[in-house]
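All remarks here apply to the structure that follows.
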Amino acid sequence: MKAYDYHKPHTVKEAIDIMGGLENAKYIAGGTDVMVLLRQGKINPANLVSLRNVAEISRIDTQNGIRIGAGVTHTQIANNEFIREHYSALADGAGVVGSKQIRNVATIGGNICNAAPSADTACPLLVLDAEAVIAGKSGERQVPVDDFIVGPSQVALEKGELVTGFVIPAFGDRTGSAYIKHARRLAMDLPILGIAVRATVKIGGAQAACRDAFKLTDVSDIVKRLEAEGLVLEDVRVAMSVVAPRPVRARKAEEAAKGKTISEKVLEELGEIAASESKPRDSFRGEAWYRRDMVKVLTKRALLKSIERMTGASSMVAPSRLW
Amino acid sequence: MENLLHVGKNVPRTAEIDKVTGHAVYIDEYKRPGMLYGKILYSQYAHARIKSINTEKAKKLPGVRAVITGYDIPDVRVGFLGDQTVLKRDIVRQFRDEVAAVAAITPEIAEDALKLIEVEYEPLPAIFDPIEAMKPDAALVHETDARGRPLRSNILPLPWKFSAGDVDKAREESTYVVKHDVTTPWINQCCMGTSGCVAEFDSNNNLTYCAQTNVIFGAKQRIATYLRNIGLKGKKIRVLNPVVGGSFGTKLDTDIYEFICIQLALKTRKPVKIRFTREEEFAALPPRQASRFTIEQGCDKEGKLTFRKVDAILDNGAYTSWGATTPSVMMLPISSMYRVPNVSFQATCVYTNNIYSQAMRGYGNPQAAFAVETSMDLLAEKAGIDPAEFRLINRNHPGDVTPMGLKITTCPLEECINTVKEKIKWDEKRGKKNGRGVGMASLIHVAGGARVYLSDGTGIRIKVNEDGEVDVLSGSTDQGQGSPTVIAQIIAEATGFRPEDVNIVFGDTALGLWDAGTHASRHTFVAGNAAVRAGELIKRQILELAVQHIPKLVKRSLKQQQKKNPDFVPPELDYTLIDSPDKLELKDRMIYPREAPDHPYFKTEVGKILTSGLHVGVGESKAVAAEVFWDPPTQMLNAEMKGNYSCTYAFGTAGVEVEVDKQTGEVKILKLVSAHDVGRAINPTLVKGQIYGAAYIGIGYGLTERVQVVDGKVVNANFRDYKILTANDNIPVEAVIIEDPDPAGPYGAKGIGEPGLVPTAPAIANAIYDAVGVWIKDLPITPEKVLAALKAQGQ
């Protein structure tokens, strides 16, 4: 690991100015990815520009949807009551990154800008139609996260530009979301697969009956009850990580589910189509066939979880409760 | 033996507060003036001929003090079979082969210098599958043996063959027979502190060597041999331990980096430190070896075991360390777990171009127990007997002599099995096949030393200072398991002092008497036995002093009182109460007559006697000190692999309740009960710590851990990809201590360092079968394997 200069701006403008005047420089926020890369010798910046002291990117603003500063930590997101209730998938994702110690310092901006295929907050942001707010010399611009993440370690940032936050629209109370990380242990693990789902539904029958459906223990009974109550999938988003060079939406699956009344068959199809859109590879971390199989299983589970949350049955019950 | 004041109590580990406050001097903190840092360049190939090595650029890098290759040092063989050299100069046989090394003023410069070393290789065909490597026409990993004699096969010339009774006849006569294969992976020991050492020569080429070894005298011996072979005959060697952050088998052998460190120190004439990165710890330190077993067992119609036949193939890797000797411990469960009259066992160690292996906690027992205990469930099912009942039918009994010649003394196996049954709610939960299930497995392990060297002895020296501090010079080592506390409790009990009076110095060959090493779960037992004996000598010496000095002190005190107060009438005292050491007792620092424990004049604080004894003033002063070297009365294994190599054996049973997610194949452990026969728990908290820790490592062995080696290369050399369980994976483990004091143990104690992890993995495999009806016989039991098996079964 080489020596480097460490810069500590206090405003976004100052950060951009400093960055503009430096060669071979890198922004650092929580540092949980940058320091690893430095130590491995994969990057060798002469300058690090710290965003730790930039207060304006460390806020959560809940007017008209939500704006989450890029410098907000995973712990802050996972513990935020508003996010837990309205953007549950993001709270799920932020709550399972790395370990408690890492979540206490790692920021959401860093998680997205690092652009790992396995980033735990990426799928939630994709299904929540989030946009990245980017500041540069010439002002601010907004880019959908789906366009912002280009590939492994690649994001749509021009030189000197900085992500200052993420904006997510309001979805109303007929929407629920969930993220399921499939990993081998409960901390310090990369997902073998990550699935996020957002579902906006319409209920023909009684919402209370749908809520009560989740008191049943057998999944097919739950689905039958929901079907009987005429629960229609108005709008569904599915995003998958680790099945492609970057986290991706399963657009065909989303399209196929749209407007359908929930049933075991619809759920089955949703999983099948999502799996057909995934392109997992064999690696020492996991086998392709298994990941593809898990896309099927976890898409269904994340969808049901989303609906469960929407009905108000429970906002944050561990996914394992159902199976 | 009752009325123990300190043994059996949860004495806190106060001696180790330095560890949690960051003051302890681990190898990382150990620094010497002018010390340099060494780094090692490893091979780029699993098998290749080295065509050239150019170190010129590296040597010119500012801050570099030495760059050495195999051409710069004597071509001397090291290792238990002498099958490798320190730096390889002609052929590399594995990715971790050490090709060159650098010493520099900082670790960073040393690392940079490695990148400047140019090595040209000519790749050779490599062989990674031990089965392929065993074939007669397989390419040879080694063309010659240590003495240069040509080799014809990759199979190592090791004598692992055992036979008792008549297996073929027993098979004929068996009502039920089962046969299956199991495989187990390489496992990294995952010590919290990575490997490292500091070597330093004085002007006379005497070596002070600070190392993490837990066999200080063994290391000294190996280094002496090495120095002699490189032309440094008769040099003095002192081996010291820093504070060690875990061993788990890694500190048993002297590893190649240690010889490299010594060479760099010789070359630079400066102290040199080598400390592994975590990546090196995964890629360049020998793990627990990978194994394949074929096991066949039979029983009669009553469920009594008739025979057991086991064939093992061990992937030896390219060279040989202690991994190749683990069949000597695999023998334990194979020959002696449960009563089985006819046994045959053969283990074949095969050279490949994979990483080579060494010891890890359990020393072969976890692999063999996985084979034996899964076979027990298969056979129980075939015979239509409940697996717990099947184990009870065949359980070992006190007084048994097993086919291997082990003499079973205390054996509460029945209690272990029944405790697990009760706590896991066995009868209520078993046999539902509804996604939840229970399983169990048992173990036998050495618990009274293990005679793997001609001596299994250990020495302890005790001196008592005039203020009543007890200094102990132990020939053993502590790697973090709590021996300073446990040995202090034993010494306090034996001497009559308090644990907080005891100050133990471990790990210094210049101070301690010889010791076979802190391994094989032997420390508490063997060092404890030496400590009890030395403690009793100390107590005797003090009581002898007391016989002389109590009357003196009492009379002097009475005289003084008379002087102060002329009206004082001295009492008539019965000095015969204290006229022999046998009439005195020393407990909790107080000396008193046995006949009158609260005697107002004779009861004396021990410090007064020690001071009085030392300051006599007439040429007769006495200091209190004693030493004991104790070698347990056991046998080496003979050529037939038979012999009672431990004073006593520990038993235990693990029971697991699992829930299997049939859609994802994930296994969740709902409960794990681990009941262990420990003889007597010297410190129950520490015993439970050993059981919890071992159970966690056992769960990792069962479900998540493996060193992934692809074409000879470790691909998961970090904690992100090596899935040891974390504090978050809070699996509910209940450790149950079963006490049945062993007559040979110190206050009845048996060893408990290793047993906890042995039965865990097979108990999990058995529970998964009970839950969903699939057998996974290939560790670790990953969700992929479970799901694939479920699919194959059409579930």
Quiz item: What are the residues in the stretch B:475-527 that are under 18 Å from the mean Cα position of the chain (by Cα) and of a type in the set (Asp, Glu), if any?
Solution: B:Asp478, B:Asp515
Quiz item: Can you tell me which residue in the stretch B:142-181 is surrounded by the most Cβ atoms within 10 Å (Cβ to Cβ), limited to those that are farther than 27 Å from B:Lys642 by Cα and touching a Lys or Arg at 6+ places or on another chain (Cβ under 6 Å)?
Solution: B:Tyr176
Quiz item: Is it true that A:Ile66 is surrounded by 19 or more Cβ atoms within 10 Å (Cβ to Cβ), in contact with a strand residue (DSSP E or B) (Cβ under 9 Å, 6 or more places away or on another chain) and within 14 Å of A:Leu128 (Cβ to Cβ)?
Solution: yes
Quiz item: Would you pick out the residues in the stretch B:195-210 that are over 15 Å from B:Gln358 (Cβ atoms) and under 31 Å from the mean Cα position of the chain (by Cα)?
Solution: B:Gly196, B:Cys197, B:Val198, B:Ala199, B:Glu200, B:Phe201, B:Asn206, B:Leu207, B:Thr208, B:Tyr209, B:Cys210
Quiz item: With (1) touching a Pro at 6+ places or on another chain (Cβ under 9 Å); (2) under 21 Å from B:Ser321 (Cα atoms) as the list, and B:Ala219 as the residue in question, which single condition is left unmet?
Solution: (1)
Quiz prompt | Residue in the stretch B:621-632 that is under 30 Å from B:Glu415 (Cα atoms) and more than 14 Å from chain A (Cβ to nearest Cβ) present | solution = yes
Exercise. Filter the strands (runs of 3 or more DSSP E) completely within the stretch A:1-56 down to those with at least 1 residues that are touching a Lys or Arg at 6+ places or on another chain (Cβ under 6 Å) and away from chain B (no Cβ under 14 Å).
Key: A:47-50
Quiz item: Looking at this structure, is A:Lys215 out of contact with any His (no Cβ under 7 Å at 6 or more places or on another chain), more than 14 Å from chain B (Cβ to nearest Cβ), more than 25 Å from A:Glu56 (Cα to Cα) and of a type in the set (D, E, K, R)?
Solution: yes
Quiz item: Restricting the stretch A:70-111 to residues that are closer than 24 Å to A:Arg184 by Cα and part of a loop (DSSP other than H, G, I, E, B), which is nearest to the other protein chains (Cβ to nearest Cβ)?
Solution: A:Ser99
Quiz item: Does B:Gly698 satisfy the condition of being on the phi > 0 side of the Ramachandran plot and either surrounded by fewer than 18 Cβ atoms within 10 Å (Cβ to Cβ) or more than 10 Å from chain A (Cβ to nearest Cβ) (or both)?
Solution: no
Quiz item: From the residues in the stretch B:718-739 that are in contact (Cβ under 8 Å) with a residue 60 or more places away in the chain and within 11 Å of chain A (Cβ to nearest Cβ), which one is farthest from B:Pro286 (Cα to Cα)?
Solution: B:Ile731
Quiz item: Looking at (1) within 14 Å of chain A (Cβ to nearest Cβ); (2) more than 23 Å from B:Lys671 (Cβ to Cβ), which is the one condition that is false for B:Lys750?
Solution: (1)
Self-check item: Of all residues in the stretch B:638-671 being assigned to a loop (DSSP other than H, G, I, E, B) and within 12 Å of another protein chain (Cβ to nearest Cβ), the one that is nearest to B:Val758 (Cα to Cα)
Solution: B:Glu666
Quiz item: Here are some conditions: (1) out of contact with any strand residue (DSSP E or B) (no Cβ under 6 Å at 6 or more places or on another chain); (2) within 14 Å of another protein chain (Cβ to nearest Cβ). B:Gly773 meets all but one. Which one does it not meet?
Solution: (2)
Quiz item: Say we look at the stretch B:80-93 and pick out the residues that are surrounded by fewer than 21 Cβ atoms within 10 Å (Cβ to Cβ) and more than 20 Å from B:Pro125 (Cβ to Cβ); which of these is nearest to the chain's Cα centre (by Cα)?
Solution: B:Phe80
Quiz prompt | helices (runs of 4 or more DSSP H) (entirely within the stretch A:237-323) containing at least 1 residues that are away from chain B (no Cβ under 14 Å) and at pLDDT below 95 | solution = A:288-311
Self-check item: Pair list, Cβ under 6 Å, 6 or more apart: the stretch B:395-420 residue over 20 Å from B:Phe307 (Cβ atoms), other residue among the acidic types (Asp, Glu) and surrounded by fewer than 20 Cβ atoms within 10 Å (Cβ to Cβ)
Solution: B:Thr410/B:Asp740; B:Pro412/B:Asp740
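Against the definition (part of a strand (DSSP E or B) and surrounded by fewer than 21 Cβ atoms within 10 Å (Cβ to Cβ)), how does B:Asp467 come out, yes or no?
no
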Quiz item: Quick check: is even one residue across the stretch A:208-229 surrounded by fewer than 18 Cβ atoms within 10 Å (Cβ to Cβ), over 22 Å from the mean Cα position of the chain (by Cα) and part of a strand (DSSP E or B)?
Solution: no
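Of the residues that sit in the stretch B:14-29 and are part of a loop (DSSP other than H, G, I, E, B) and within 24 Å of the chain's Cα centre (by Cα), which one is surrounded by the fewest Cβ atoms within 10 Å (Cβ to Cβ)?
The extreme case among them is B:Val25.
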Quiz item: For B:Asn728, which of the numbered conditions (1) more than 22 Å from the chain's Cα centre (by Cα); (2) buried (at least 21 other Cβ atoms within 10 Å of the Cβ); (3) outside any helix (DSSP H, G or I) fails to hold?
Solution: (2)
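The values are calculated or read from the model by the stated rules, or taken from the named source; none is laboratory data. As the structure is a computational prediction, the values presented were derived from the model and not from experiment. A quick note on method: Cβ atoms are made from the backbone with ideal geometry, for glycine too, and the neighbour counts reach across all protein chains shown.
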